[in-house]
1. Evaluate the following for Tyr347: is it among the aromatic types (Phe, Trp, Tyr) and within 20 Å of Ala251 (Cα to Cα)?
2. Quick check: is even one residue across the stretch 248-265 outside the structural domain of Glu358 (by TED's automatic domain parsing), at pLDDT 95 or above and farther than 25 Å from Lys361 by Cβ?
3. Search the stretch 389-414 for residues being among the aliphatic types (A, V, I, L, M) and under 30 Å from the mean Cα position of the chain (by Cα), and hand back the single one that is surrounded by the fewest Cβ atoms within 10 Å (Cβ to Cβ).
4. Given (1) without any contact (Cβ under 8 Å) to a residue 40 or more places away in the chain; (2) in contact with an Asp or Glu (Cβ under 7 Å, 6 or more places away or on another chain); (3) among the β-branched types (Val, Ile, Thr), identify the lone condition not met by Val335.
5. Please indicate, with yes or no, whether at least one residue in the stretch 80-99 is more than 23 Å from the chain's Cα centre (by Cα), modelled with pLDDT under 75, charged (D, E, K, R) and surrounded by 13 or more Cβ atoms within 10 Å (Cβ to Cβ).
6. Would you list the strands (runs of 3 or more DSSP E) that sit entirely within the stretch 211-303 and hold 2 or more residues that are surrounded by 15 or more Cβ atoms within 10 Å (Cβ to Cβ) and touching a strand residue (DSSP E or B) at 6+ places or on another chain (Cβ under 6 Å)?
7. Looking at the stretch 3-18, can you tell me whether even one residue there is outside any strand (DSSP E or B) and at pLDDT 70 or above?
8. Within the stretch 332-357, work out how many residues are assigned to a loop (DSSP other than H, G, I, E, B) and surrounded by 14 or more Cβ atoms within 10 Å (Cβ to Cβ).
Amino acid sequence: MRSFLSLILIVLSSTAILQADPITISRKVVYADGSPAAKVDVLVRSLSNWRKPPDAEKIVQTDADGVFSTQLDVPPTKYHSGYVLVKAPDYALFYESFTEDWLGQPARTDNALKLTSHAEVHGVISDTANAPVANATVELRYFSDNVSEAFITFNDPKHNLRTPWLQAQSDEKGNYSLRPVVFAKDPSGVSTFEMIARADIAGNIAKGRGDVSPYEVVHKANIALNFTLRPTDTLHGHVVNQLTHAPIAGATVELRGDSTSDIPATTTDATGTWEIKGAPHDSEMYVIANSPDYAEHFAPTKNRQGQLLADPTIQLAPLVEVSGVVLDTISGKPVPSPLTIEIPPYYIENNNISVRIEGQKTRTDATSHFSIRVPAGTTKFNVSGPGYDAHVESQIPAQGAHDLKWTVGRRAGVLVEFRAQNPRIFEDAYIDARVGTSSSSAYNTRFYFVWADNVKQGTDISLKRLDRVGPRIIDLTPPTKISPDETRWPLVINVP
């Protein structure tokens with residue numbers, strides 16, 4: 001019995017070893033004058049797929065010579081890549097991606113990571129009478145909604161680097177200063193930072209705004225940015241059920257529009273009432289409300305004359321659970337490829353602002369069935385997926401049966417489905433065929449490819465993969481002849 005357990009442990013240990021592929025990353029970090037950057041934090045992340053969470057990561061510190069070295073246990077893969085982030089006080093955050101050529105290389109002066117010092121932003125905060133404002137808060141936030149998840153701080157315990165706002169307080173003379181943390185080499189494409197100053201003046205929130213570019217922060221020693229604080233508005237309103245007009249408690253309400261990105265969302269109380277403070281006085285804005293059992297909706301905050309509405313009321317439509325199946329028009333059978341069922345979002349366009357109102361979305365299962373929660377009434381759906389793209393309109397009753405049956409037509413061309421046991425086979429995979437326009441989609445262990453036009457009889461198709469380590473091309477499947485054929489939709493090709 002003991003020997004049997006030992007054998008199991010040996011097998012498990014061997015399996016663990018096979019599932020780990022240690023890589024070593026070493027580099028030297030120096031300041032702009034070439035001196036070693038000792039005792040600074042370095043985050044090392046390994047990514048086999050840049051669209052997925054990291055395979056492994058560690059935070060380490062440089063030694064007295066500015067050198068760091070760490071080993072990451074990552075899954076076996078054909079190609080290793082990732083990035084390092086270096087954070088040192090009063091210096092721009094250093095970002096550098098690494099590839100195979102970094103692995104096992106010693107830390108040398110000629111391949112050192114060089115840090116760049118960055119500017120201090122400073123200025124005076126005053127009110128509309130030009131009097132200095134003490135104890136005002138200055139916040140820096142990133143202007144883009146699509147800031148890279150690698151952007152900016154080590155403070156998050158999960159190291160996802162989402163940035164808490166950097167803050168400073170003004171002194172009795174209204175002076176403030178702060179050092180924004182920025183990338184010396186920006187991987188996220190953010191071109192502007194937004195800075196917001198605020199203070200409570202006579203019981204009312206007053207705010208001012210300004211912009212500063214990362215380029216200025218990195219390439220200048222000092223940046224002067226003054227703020228004039230202006231009064232803001234406090235908004236009140238209600239959220240109610242569109243059908244019964246009963247108040248909705250616990251709904252989330254947020255302000256969207258020009259100069260509203262710093263205003264936190266709020267929730268309604270038991271009477272469906274909400275309150276938002278700090279709304280810009282001269283901005284175009286909408287209040288948006290959502291609740292788990294209702295469709296998101298909006299209400300304006302001002303009338304056509306630009307005057308604040310006394311009690312903006314947002315009416316939310318209850319969601320109804322709907323189920324159904326999608327059939328192929330030609331075969332009359334369930335659609336073989338996965339489909340997205342969506343009530344698309346829409347936009348409120350007014351003057352210089354665009355506000356997005358979210359729709360509803362779901363996916364079909366392996367039998368082409370789906371369920372989705374939508375408002376009652378006439379509803380338009382988009383149905384899309386490999387080989388299909390359709391628009392369907394259905395009448396959704398508020399009560400009673402909610403079973404839908406749709407038939408959708410195929411796109412012109414040929415739908416090819418590659419099937420594999422291991423989804424990683426499809427990483428860096430591509431189709432070898434020289435015809436027509438096409439599109440591809442990967443869904444776990446299946447890889448779909450669609451030709452939209454110009455498919456000829458006897459065209460050869462094969463699946464290949466680029467092995468970057470070689471570099472070399474690997475044939476995943478032998479050539480298969482294809483042609484437009486209703487009986488072979490999709491054409492299934494198994495990948496060994």
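The values are calculated or read from the model by the stated rules, or taken from the named source; none is laboratory data. As the structure is a prediction and not an experimental result, all values here were calculated from the model. In this analysis, Cβ positions are derived from the backbone assuming ideal geometry, glycine residues included, and neighbour counts consider all displayed protein chains.
1. It is false that Tyr347 is among the aromatic types (Phe, Trp, Tyr) and within 20 Å of Ala251 (Cα to Cα).
2. Scanning the stretch 248-265, I find at least one residue that is outside the structural domain of Glu358 (by TED's automatic domain parsing), at pLDDT 95 or above and farther than 25 Å from Lys361 by Cβ, so the answer is yes.
3. Here is the first cut: in the stretch 389-414, the residues among the aliphatic types (A, V, I, L, M) are 390, 392, 396, 398, 401, 404, 408, 412, 414.
Pick out the ones that are also under 30 Å from the mean Cα position of the chain (by Cα) and you get 390, 392.
Working: Ala390: 18, Val392: 16.
Of everything passing the filter in the stretch 389-414, Val392 is surrounded by the fewest Cβ atoms within 10 Å (Cβ to Cβ).
4. (1)
5. Within the stretch 80-99 (the criterion being more than 23 Å from the chain's Cα centre (by Cα), modelled with pLDDT under 75, charged (D, E, K, R) and surrounded by 13 or more Cβ atoms within 10 Å (Cβ to Cβ)), the answer is no, since none of the residues qualifies.
6. Numbers: elements: 222-224, 227-241, 252-257, 273-280, 285-291, 294-300.
Qualifying strands (runs of 3 or more DSSP E): 227-241, 252-257, 273-280, 285-291, 294-300.
7. No, every residue in the stretch 3-18 fails to be outside any strand (DSSP E or B) and at pLDDT 70 or above.
8. Total meeting the criteria: 5.
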